[in-house]
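To start, the structure under review is shown below, and the notes come after it.
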Amino acid sequence: MTGDTRYSIGALARRTGLTVKAIRFYADRGIVPPTGRTPAGHRWYGVDAVARLDLVRTLRDLGLGLPAIRRVVDRELSLSEVAAAHAEALAVQIDVLRLRRAVLTAVARRGATPEETELMHRLAKLSADERRRLIEDFLDAALGDAPELAGARRTLTPELPDDPDARQVEAWLELAELTQDPEFRDVVRQLVDGRRPGLHRDAVALVRDRAAPAVTAGLDPASAQADPVVEAVTAQYAEELARPDDVELRRHLWTYLEAANDPRREQYLRLLAVINGWTAPEGLTPVLTWFTRALAARLPG
């Protein structure tokens, strides 16, 4: 085949596998212009039209728009430049689709109300900076800016990866919705504010270590068999705080543990672990429930 080879539009269609209508469409838009016309006025195309149409079909299959394709075939842009830009655009589209899928999955799983669905949809559209500011606003409201709480802030900060999977996206949406709950903000503030009298960050761990065997053994929290467990916890707690083991301390401890046993706290930590790729946290609801009942049974009133 030589450079003088000419194709009618029908022959070009048979050669490329495209329809005559498609070739005429590309010709009218200047992507594959005819080389000339026959004496009868019919279009004819040169051999380069075959290569251009093959490239056009490939780029269309990859999702490129006609303006970009025209610039590529006219060599105004290199194929690598267009491919890079298109790959970036596809990545954005994939992120959007992933977020939409997460919203729909969450709506289906939770039986969400229209109001909840709207909130999740709005959260899903946040940019990375907007997501960061939303979490910072929550932590500022819950923790304040005390330097001694910097460690708690880091521990409670979700870091959604650049390429999250569906579970991480759905977890982030659920966690973000949770941060908008003013009551939950109060719970977190109560749990981390070590300056509040009678509160100590190791109280939950102390109860876990001391009360877990009693829960496993099936002891009744109101029974006399639970007395040694309660005494051991409150005595150690009082010693760590350098305070007497009295009714006031026990009331403070009970109030703190009730907040720690809020199901939203465990939900937040579970979601945080999914988002950050951490090991799932230990579920402490049975232990905390048992001990707060045991402690309440021994408080006056």
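Listing for the model above:
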{"read-out": "Qualifying residue in segment 196-208 (condition: under 30 Å from residue 106 (Cβ atoms) and either open to solvent by less than 80 Å² (accessible area, probe 1.4 Å) or touching a strand residue (DSSP E or B) at 6+ places or on another chain (Cβ under 9 Å) (or both))", "value": "yes"}
{"read-out": "Qualifying residue in segment 100-108 (condition: open to solvent by less than 40 Å² (accessible area, probe 1.4 Å), under 30 Å from residue 31 (Cα atoms) and in a helix (DSSP H, G or I))", "value": "no"}
{"read-out": "Residues within segment 1-50 that are open to solvent by 20 Å² or more (accessible area, probe 1.4 Å), in a helix (DSSP H, G or I), at pLDDT 85 or above and under 22 Å from residue 74 (Cβ atoms), tallied", "value": "7"}
{"read-out": "Condition check for residue 282: within 19 Å of residue 190 (Cα to Cα), open to solvent by 70 Å² or more (accessible area, probe 1.4 Å) and either touching a residue at least 24 places away in the same chain (Cβ under 8 Å) or assigned to a loop (DSSP other than H, G, I, E, B) (or both)", "value": "no"}
{"read-out": "Failed condition for residue 241, given (1) open to solvent by 60 Å² or more (accessible area, probe 1.4 Å); (2) within 17 Å of residue 192 (Cβ to Cβ)", "value": "(1)"}
{"read-out": "Checking residue 92 against (1) among the β-branched types (Val, Ile, Thr); (2) at pLDDT below 85; (3) farther than 26 Å from residue 173 by Cβ, the condition it does not meet", "value": "(3)"}
{"read-out": "Given (1) open to solvent by less than 60 Å² (accessible area, probe 1.4 Å); (2) within 37 Å of the chain's Cα centre (by Cα); (3) in contact (Cβ under 8 Å) with a residue 12 or more places away in the chain, number of the condition residue 56 does not satisfy", "value": "(2)"}
{"read-out": "Matching residues, segment 170-187, being under 16 Å from residue 271 (Cα atoms), touching an Asp or Glu at 6+ places or on another chain (Cβ under 9 Å) and not aromatic (Phe, Trp, Tyr)", "value": "177, 179"}
{"read-out": "Flag if residue 190 is part of a helix (DSSP H, G or I), more than 30 Å from residue 109 (Cα to Cα) and within 32 Å of the chain's Cα centre (by Cα)", "value": "yes"}
{"read-out": "Residues of segment 147-165 satisfying the condition of being under 27 Å from residue 98 (Cα atoms) and either in a loop (DSSP other than H, G, I, E, B) or touching a residue at least 40 places away in the same chain (Cβ under 8 Å) (or both)", "value": "156, 157, 158, 159, 160, 161, 162, 163, 164, 165"}
{"read-out": "Residue list for segment 119-146, restricted to those being of a type in the set (D, E, K, R), under 24 Å from residue 265 (Cα atoms) and assigned to a helix (DSSP H, G or I)", "value": "122, 130, 131, 132, 133, 136, 137, 140"}
{"read-out": "Any chance residue 190 is at pLDDT below 90 and buried (at least 19 other Cβ atoms within 10 Å of the Cβ)", "value": "no"}
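The values are calculated or read from the model by the stated rules, or taken from the named source; none is laboratory data. Nothing here was measured: the structure is a model prediction, and the numbers come from that model. Cβ atoms come from the backbone with ideal geometry, glycine included; neighbour counts cover every protein chain shown. Each accessible area value is taken on the protein alone, full model and side chains, heavy atoms only, with ligands, DNA and RNA left out. Shrake-Rupley method; radii C 1.70, N 1.55, O 1.52, S 1.80 Å.
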